[in-house]
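The structure under discussion appears below in the form of structure tokens.
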Amino acid sequence: MKITKLLVAAGVLSFALPAFAQLAPKEGVDYVVLDPPQATDSPGKIEVTEFFWYRCPHCYELEPQLATWVGQLPKDARFKRVPAVFNDDWAIDARIFYTLDALGQENRLHSALMDAIHKDGGNRLRGDAYAKWVSDWVAKHGVDPKKYDAAYKAFTVDIKLKRARQMTQLYKFDGVPAMAVQGRWLVNASPTMLQVTSALIVQARDAAVGGK
């Protein structure tokens, strides 16, 4: 699968901020049903997962609206991010994400790092040059370089990276950003993806109440 396809699969996107349940999404048009459904790790909650790539321009475009939307999620929903891993270069971003998470810095630095990547040229780099650029940036933003380096190479980060690679395959999306709801439905990038995701959260709640 070509990287160019992954980046432009959704075309030029303009993401709108939705109100909850204002859309009646159609299966096969607005979302797909995951077969088989995937296990979630949020007992008692409706799990909402964003698959992303730090260097993806569409993920960057979505980020401001997504941040506001996440702040408006109902109490029975839990949002999490999973870095997509289509190849070894994408795996660098996943490793960076899980390194920051291990250090308790991901929430603090996520949006700022993405902003720097797209405004300061990090998205033009690849491989070791990109990893070094990010580590230098992180050090400038208050993260101890030795702790960062140790976490970057940690076995626990290796395990999470392996799981992210597996989830990229199991959820069967072909581009980012993508959203999954309760391991049952997948919403690919479109201008209405947040509206569709909101409606599927309601659908997941109704299914749980109805025992479906």
**Q.** Leading residue by the ranking (surrounded by the fewest Cβ atoms within 10 Å (Cβ to Cβ)) among those in region 126-143 that are within 16 Å of ALA94 (Cβ to Cβ) and of a type in the set (A, V, I, L, M)
**A.** ALA131
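Just wondering, is there one or more residues in region 159-166 that are free of Cβ contacts under 8 Å to residues at least 24 places away in the same chain, over 19 Å from the mean Cα position of the chain (by Cα) and under 19 Å from ASP88 (Cβ atoms)?
No, region 159-166 contains no residue that is free of Cβ contacts under 8 Å to residues at least 24 places away in the same chain, over 19 Å from the mean Cα position of the chain (by Cα) and under 19 Å from ASP88 (Cβ atoms).
Between TYR152, TYR171, TYR130, which is within 23 Å of PHE86 (Cα to Cα) and out of contact with any helix residue (DSSP H, G or I) (no Cβ under 9 Å at 6 or more places or on another chain)? Write out each step before concluding.
Details: TYR152 fails: out of contact with any helix residue (DSSP H, G or I) (no Cβ under 9 Å at 6 or more places or on another chain); TYR130 fails: out of contact with any helix residue (DSSP H, G or I) (no Cβ under 9 Å at 6 or more places or on another chain).
Going through TYR152, TYR171, TYR130 in turn, just one is within 23 Å of PHE86 (Cα to Cα) and out of contact with any helix residue (DSSP H, G or I) (no Cβ under 9 Å at 6 or more places or on another chain): TYR171.
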(Q) Being surrounded by fewer than 12 Cβ atoms within 10 Å (Cβ to Cβ), within 30 Å of LYS45 (Cβ to Cβ) and at pLDDT 95 or above is the requirement here; does PHE155 meet it? (A) yes
Q) (1) surrounded by fewer than 14 Cβ atoms within 10 Å (Cβ to Cβ); (2) on the phi > 0 side of the Ramachandran plot; (3) modelled with pLDDT of 95 or more; (4) not aromatic (Phe, Trp, Tyr): which one isn't true of GLY211, the others all being true? A) (3)
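Which members of region 42-72 meet the condition of being in a helix (DSSP H, G or I) and surrounded by 14 or more Cβ atoms within 10 Å (Cβ to Cβ)? I'd like the intermediate steps shown before the answer.
Filtering region 42-72 for residues in a helix (DSSP H, G or I) gives 57-71.
Scanning region 42-72 gives PRO57, HIS58, CYS59, TYR60, GLU61, LEU62, GLU63, GLN65, LEU66, TRP69, VAL70.
So that you can scan it fast, the table gives a plain yes or no per residue for (1) farther than 30 Å from ALA204 by Cα; (2) assigned to a helix (DSSP H, G or I):
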| position | (1), (2) |
| --- | --- |
| ALA129 | yes, yes |
| LYS132 | yes, yes |
| GLY142 | yes, no |
| LYS147 | yes, yes |
| GLN166 | no, yes |
| PHE173 | no, no |
| GLY183 | no, no |
| PRO191 | no, no |
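The values are calculated or read from the model by the stated rules, or taken from the named source; none is laboratory data. Remember, it's a predicted structure, so these values are computed and weren't measured experimentally. Here Cβ is always computed from backbone atoms with ideal geometry, including for glycine, and neighbour counts include all displayed protein chains.
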